[in-house]
Amino acid sequence: MTMRRFLLIPHLKIHNANAMSSPYTIGFPAVTAWLGAVHALQRHLHREGLNEIELIGAAVSCHRFDLQTYKGVGDFVHSIIGTANPLDKDGSRPAFVEEARCHLEVSLLVEFRGLDSDDHDCFKNLINIQLHRMKWASGDVLTVKPVEVLPVDEDNECEIKKVLNRLMLGHVLIERRDLMRKTMQEENKDALDALLDHLKVMHRSTQDENDKVTWSSQRKIPGWLVPIAVGFQGISELGIAKNQRDRDTPHRFAESVITLGEFKMPYRVTKLDDMLWQYRVVPEQNLYLCQTLSSTYGD
């Protein structure tokens, strides 16, 4: 029997989260934002004396997502609903950078280790207090239900289903890097073409013997596939930059890493590791990534 322990953060309602998930995409907040918030939560627990706690993986289930965009009558594209700076002395509006925002409701399932069962009440109380003080994906917490600790025997399918049911009704984000890799290898395409190949919608028509034309629209494969930002790749050498915030930590310039993700209903997930994200560093390729546990261990 392999027992694992999970922290459930149910129905976290977030206002004005950052929807600019990468320099190229707008939508659901980047995986780096969720793991960054979980890491900040772990650091808070350490400051409160629970130094043995490790939050080693996190799954995100989205219950509601409201992207702050607007499309008027006759408009071809959507426009960002942005906030504005106060007027200048002469009454004009100062320049500002548009930022895509969203309101959303999510539940997080966080795997942890290093805590005695006797400390569960203290553990949950600290988290319930801290959640309201934190920023999640740069958004403010409106409400959140009390957290729960869920022990799970990963060899027991009934226990796994009970955990997955706690993430309903919603869609969990899983990694589909395998689709891009397969397209790149079999069709000899670069990463961008492989990504777009799975996101584009193909419209086809067929004509029967009575000259009736029927149109169909579909993607390359079925499923709710989306581009997701999963980390960064260094594009400069490690070193000390002028005026950097932390003078003791080496700095390097980096660019976003984009791959394919898929939103799935939790009951369609067969293994918890398929939806649990964790950090991974590949020093020889200058990669700082977030990957699902099954993807990481399958390399």
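FYI, it's all coordinate maths here, none of it is from the lab. Everything quoted here is computed from the prediction, not taken from an experiment. A quick note on method: Cβ atoms are made from the backbone with ideal geometry, for glycine too, and the neighbour counts reach across all protein chains shown.
Below is a table of values for the structure above.
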| quantity | calculated |
| --- | --- |
| Of (1) 222; (2) 234; (3) 149, the label for volume of the Cα convex hull per residue in Å³ derived from the coordinates | (1) |
| Within segment 32-78, chymotrypsin sites (Phe, Trp or Tyr not before Pro) in DSSP loop having at most 15 other beta-carbon neighbours inside 10 Å | Phe76 |
| Label-to-label distance, nm, for residues given as Met3 and Glu98 (7 Å Cα→Cβ offset) | 5.4 nm |
| Evaluated at q = 0.16, 0.29, 0.30, 0.32 Å⁻¹: base-10 log I(q)/I(0), Debye formula over Cα of segment 252-299 | -0.54, -1.23, -1.27, -1.33 |
| Net lengthening on full extension, Arg252/Glu157 (0.36 nm per residue, minus Cα-Cα) | 29.7 nm |
| Phi to ³J(HN,Hα) by Karplus 6.51 cos²θ - 1.76 cosθ + 1.60 over segment 44-50, Hz, x for Gly, Pro | 5, 4, 5, 5, 8, x, 8 |
| Residue-span extension gain [Lys200 to Leu150] - 0.36 nm each, minus C-alpha spacing | 14.0 nm |
| Interchain or long-range residues, amide H under 5 Å from Gly57's placed H | Glu111 |
| Cut-off 15 Å between beta-carbons: net charge of the residues surrounding Ala40, Lys and Arg +1, Asp and Glu -1 | +1 |
| Largest-first principal axis extents of the Cα set of segment 175-261 (Å) | 75, 25, 19 |
| Proximal lysines to Lys182, defined as alpha-carbon separation beneath 19 angstrom and excluding residues fewer than eight positions away on the same chain | Lys200, Lys220 |
| Under Karplus coefficients 6.51, -1.76 and 1.60, residue-wise ³J(HN,Hα) of segment 258-269 in Hz, glycine/proline x | 10, 9, 8, x, 9, 8, 10, 5, x, 5, 8, 7 |
| Charge dipole (debye, nearest 20) of the chain; +1 at Cβ of Lys and Arg, -1 at Cβ of Asp and Glu | 640 debye |
| Under Karplus coefficients 6.51, -1.76 and 1.60, residue-wise ³J(HN,Hα) of segment 213-226 in Hz, glycine/proline x | 9, 10, 9, 9, 10, 7, 8, 4, 9, x, x, 8, 8, 9 |
| Nonlocal amide H pairs with Leu142, under 5 Å, H built at 1.01 Å | Lys13, Ile14, His15 |
| Dipole of segment 175-261, positive end: most advanced residue of Gln207, Gly231, Ser217 [Cβ charges, Cα centre] | Gly231 |
| Using alpha carbons only: equivalent-ellipsoid semi-axes of segment 1-141, gyration tensor based, whole Å | 37, 18, 12 |
| Sequence-distant residues sharing a close amide H with Thr69 (under 5 Å, placed H) | Ile81 |
| Glu237-Asp90 pseudo-label distance in nm [points 7 Å out on the Cα-to-Cβ vector] | 4.8 nm |
